[in-house]
Structure formats: C-alpha cells, structure tokens
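Read through the structure below, which is laid out as structure tokens, and then see the notes.
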Amino acid sequence: MKHKKILYLDMDGVVADFEKAIGALTPEIKNFKDYHDQEELSRRIDDTCYANPDIYHDLPPIEGALEAVEELAGHFDIFFLSTAMWSLPESFTGKRIWIEEHFGDLGKKRLILSHRKDLLKGDFLVDDRTHNGAGEFEGEHIHFGTGRFPDWEVTKKYLMEQAGE
C-alpha cells in the first residue's frame, strides 16, 4: 500500500487571515509586507494581540483555503503546523479552536505547535514565512503568498501535480 505524502500547512497567513484580523483592530497596519519598520510592526502586532487575547479564535479564512485543504486531504496526509505566541498562552488554545471550527474531523489531532518547523519530517510545508525553521524545512517549502505561489488556486494545482498518484 502506497503511503500519502505528508503536507504541513501553516495557519496564520496560509489558511487563516491573521493580517486581515490585525488590520481590522489596528487600521494603520493594513499590509505587513509594506510596513516601513518591521521591528515596530512586530511590536504593534504583539500589542494588538495582548489587548485582544482571543484574536486567534475569530480569524477569517484565507480565500480558497478551506476548499483547497478539503480537496488536498484526499491526496495528502495533512497536518497543521503553526507557531503560537509564547507570551500569549491564549494563542495556543485559540489556534486549536480555530482549526476545529474550520476543519472539524479533518483537523482533529492534526495541529502541531512548534517554534522549530525544521525538526518535523515531511514532504511539503506551505508557509508564508521562512521564520521558525520554515526556511530550513527538509522537504519542500512552498512559500505561500509569493510570486510563484500567490494564492490557493496556484498552490493547490502545484500540490496536486506533486501528489504522485
């Protein structure tokens, strides 16, 4: 019996629109990539999260993510691999609740929280950043939201080609 390839999906910026939620709470922060001072941006995001500790419960999904993940689940062994805010314990619970609310049984016992994504074994990691070991992941890092993988339509098509079935 052939085993499905392992696909890890980051949460924030890949399946959940963290940037949109932050922008709704802090309107002057609408686009993370274009923000003039990335250190200041990080502090402002942290401050927004501390002031709204349940922010992770109510993130809107990224356009096309839910449908793409549901389709990919038939071809890959999917896990959600995210990094929670160490200094905001509510983020750990919030991410767990979000996965259950949006993916139900598909997400049950498939959430992994780690600050070292490079330590996990697998074939693919879809992540919008290279932080927390994503850039050193031993399989293929699919850099979501970039020119090559701008959205779920393109990303899903590529992954389906890689499924090896």
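Distance distribution P(r), the stretch 92-165, all Cα-Cα pairs, bin width 10 angstrom from 0: 18, 39, 41, 2 percent.
Using 1/(1 + (r/R0)^6) with R0 = 35 angstrom and r between the beta carbons of Glu28 and Met160, what's the FRET efficiency to the nearest 0.05? Efficiency at R0 = 35 Å is approximately 0.35.
Between the DSSP loop rule and a limit of at most 11 other Cβ atoms within 10 Å, which chymotrypsin sites (Phe, Trp or Tyr not before Pro) in the stretch 64-165 are left?
Values: sites: Phe76, Phe79, Phe80, Trp86, Phe92, Trp98, Phe103, Phe124, Phe137, Phe144, Trp152, Tyr158; in loops: Trp86, Phe137, Phe144.
Passing sites in the stretch 64-165 are Trp86.
Placing R0 at 35 angstrom, the Cβ-Cβ distance between Asp47 and His115 gives a FRET efficiency of 0.95 after rounding to 0.05. According to the Kirkwood relation over distinct C-alpha pairs, the hydrodynamic radius of the chain is 16.3 Å. Annotation: aspartates and glutamates with alpha-carbon distance below 18 angstrom to Lys121 (same-chain offsets under eight excluded): Asp10, Asp77, Glu136, Glu138, Glu140.
Between the helical axis of 90-103 and the dominant principal axis of the chain, each derived from Cα atoms, what acute angle in degrees is found, rounded to the nearest 10? On a 0 to 90 degree scale, this one is about 40. Each of Tyr56, Leu41, Gly107 was placed along the dipole of the chain (beta-carbon charges, centred on the mean Cα), and the one lying farthest toward the positive end is Gly107. For the chain, the longest principal axis of the C-alpha atoms and the axis of helix 38-51 are separated by about 80°.
Computed in the context of the full set of protein chains, the accessible area of the chain at 1.4 Å probe radius has 50% of its extent on carbon or sulfur. How far is helix 152-162 tilted, in degrees, relative to the longest principal axis of the Cα atoms in the chain, given as a value from 0 to 90 rounded to the nearest 10? Roughly 30 degrees, rounded to the nearest 10.
The values are calculated or read from the model by the stated rules, or taken from the named source; none is laboratory data. All values reported here derive from a predicted model rather than from experimental measurement. Counting neighbours? That spans all protein chains shown, and the Cβs are built from the backbone with ideal geometry, glycine included. Quick note on the areas: whole protein, heavy atoms, side chains included, nothing else; ligands and nucleic acids left out. Shrake-Rupley method; radii C 1.70, N 1.55, O 1.52, S 1.80 Å.
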